[in-house]
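Following: one structure in structure tokens, then a few remarks.
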Amino acid sequence: QVQLVESGGGLVQAGGSLRLSCTATGSIFSINAMGWYRQAPGKQRGLVARVVSGGSTNYADSVKGRFTISRDNAKNTVYLQMNSLKPEDTAVYYCNAVLISGIVAGARSYWGQGTQVTVSS
């Protein structure tokens, strides 16, 4: 069974930094993409940043220049370095992985349990 284990959320003042980590565990054959999404109260979940297997990345316009996504393929782990945080970055951040497990045929999308990021003004 595949699980995504997240860590690194918390409370920080505006202008501060946080680093999120997400590790995919279980029977994994290959990972096509890993990324982070966020959902603020009353809003839909949306993409923050994503990295695909070839290394290409894409970011939401609102975080470009402030957030950096990176991936350690050997550890099946993705990181999100968040700098210059703003109160509007406050949300629950969810890790996502599109991967092929050793059990289920075909690529599937998996989600972490979410980690709260709160930025105070």
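Filtering Gly54, Gly35, Gly65 for residues that are more than 14 Å from the chain's Cα centre (by Cα) and closer than 15 Å to Leu99 by Cα leaves a single hit, Gly54.
Filtering region 15-36 to residues that are over 20 Å from Asp61 (Cα atoms) and assigned to a strand (DSSP E or B) leaves Ser21, Cys22, Thr23, Ala24, Thr25, Ile28, Phe29, Ser30, Ile31, Asn32.
Looking only at strands (runs of 3 or more DSSP E) that lie completely in region 37-121, which have at least 3 residues being β-branched (Val, Ile, Thr) and under 19 Å from Glu6 (Cβ atoms)? Spell out how you get there, then give the answer.
Details: elements: 46-52, 57-59, 67-72, 77-82, 91-101, 107-111, 115-120.
Correct list: 115-120.
Tallying residues that are of a type in the set (S, T, N, Q) and either surrounded by 13 or more Cβ atoms within 10 Å (Cβ to Cβ) or without any contact (Cβ under 8 Å) to a residue 60 or more places away in the chain (or both) within region 5-29 yields 4. Here Pro41 meets the list (1) modelled with pLDDT of 95 or more; (2) within 16 Å of Tyr93 (Cβ to Cβ) almost entirely, failing just condition (1).
Remark: Lys64 matches the filter, which requires a residue to be without any contact (Cβ under 8 Å) to a residue 12 or more places away in the chain, more than 19 Å from Tyr110 (Cβ to Cβ), open to solvent by 50 Å² or more (accessible area, probe 1.4 Å) and of a type in the set (Lys, Arg).
The values are calculated or read from the model by the stated rules, or taken from the named source; none is laboratory data. All values reported here derive from a predicted model rather than from experimental measurement. No Cβ is skipped: glycine too gets one built from the backbone with ideal geometry, and neighbour counts run over all protein chains shown. Surface areas here come from the heavy atoms of the whole protein model, side chains and all, with no ligands, DNA or RNA. Shrake-Rupley method; radii C 1.70, N 1.55, O 1.52, S 1.80 Å.
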